[in-house]
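A short worksheet on the structure shown next.
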Amino acid sequence: MSVKRFKRKAFLDKITTKNRLVILNDDTFEEKFSFKLNILNVFLVATIGAIFLISVTSYIIAFTPLREYIPGYSSSELKQNALNLALKSDSLEFALKKNDAYIESVKKVLTGDLEYAKVNKDSIMASEYVDPSEYNFDASEEELELRKKIEAQSKDIKEQKSKTHTSQN
């Protein structure tokens, strides 16, 4: 046990021993400046410096346009362009479906499968029609509560306006 304590004491003495760092002029041996340091202080300053350097670098990369050069990050302009292209492709796909339906109906008329009087543009549009009865449009409990709150607030506002209007007259 005393050996462990002796080793620990020797290690602590070693890292806390004061050393002098001297900067000299090589020609005249004039001392420019000197520091009294120990190994613990040097290690502490180096650790704090490394943490500061890593933090500043991370901040610069995370909050500046430099992040676009890191694989996996995309620019905001690229994201906006992708959104615009997705919307355009959806609308083009819908227009293509309408044109295909129109061409199919014209083919039926030309081959004699369908009478001309039955083909019109509205019937083609109706083929893409979605029946709204398939969806539930009933208000949920949360929506009903929100409506009640808004109605109560609007009543309070009307009452305040009427009170201020009558007090001004």
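The values are calculated or read from the model by the stated rules, or taken from the named source; none is laboratory data. This structure is a prediction, so every number in the text was calculated from the model and none was measured. Cβ sites come from the backbone with ideal geometry, for glycine too, and all protein chains shown count toward neighbours.
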Identify, please: which residue in region 16-54 is of a type in the set (Phe, Trp, Tyr) and in a strand (DSSP E or B) and is, among those, farthest from the chain's Cα centre (by Cα)? 33
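Listed here are the residues, each with its yes/no results for (1) part of a loop (DSSP other than H, G, I, E, B); (2) surrounded by 11 or more Cβ atoms within 10 Å (Cβ to Cβ); (3) modelled with pLDDT of 85 or more.
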residue	(1), (2), (3)
67	no, yes, no
77	no, no, no
88	no, no, yes
93	no, no, yes
97	no, yes, yes
Under 9 Å between Cβ atoms, at least 6 apart or on separate chains: pull out the pairs that start in region 68-81 with a residue that is without any contact (Cβ under 8 Å) to a residue 60 or more places away in the chain and end on any residue that is hydrophobic (A, V, I, L, M, F, W, C) and outside any loop (DSSP other than H, G, I, E, B). 68/78; 69/61; 70/61; 74/82
Return the pair list, or none, for Cβ contacts closer than 8 Å from residues in region 1-25 that are under 12 Å from residue 36 (Cα atoms) to residues that are in a helix (DSSP H, G or I), at least 6 apart or on different chains. 16/39; 16/40; 17/39; 19/39
So, of the residues in region 128-169 that are at pLDDT below 85 and either among the small types (Gly, Ala, Ser) or in contact with a His (Cβ under 9 Å, 6 or more places away or on another chain) (or both), which turns out to be nearest to residue 93 (Cα to Cα)? 133
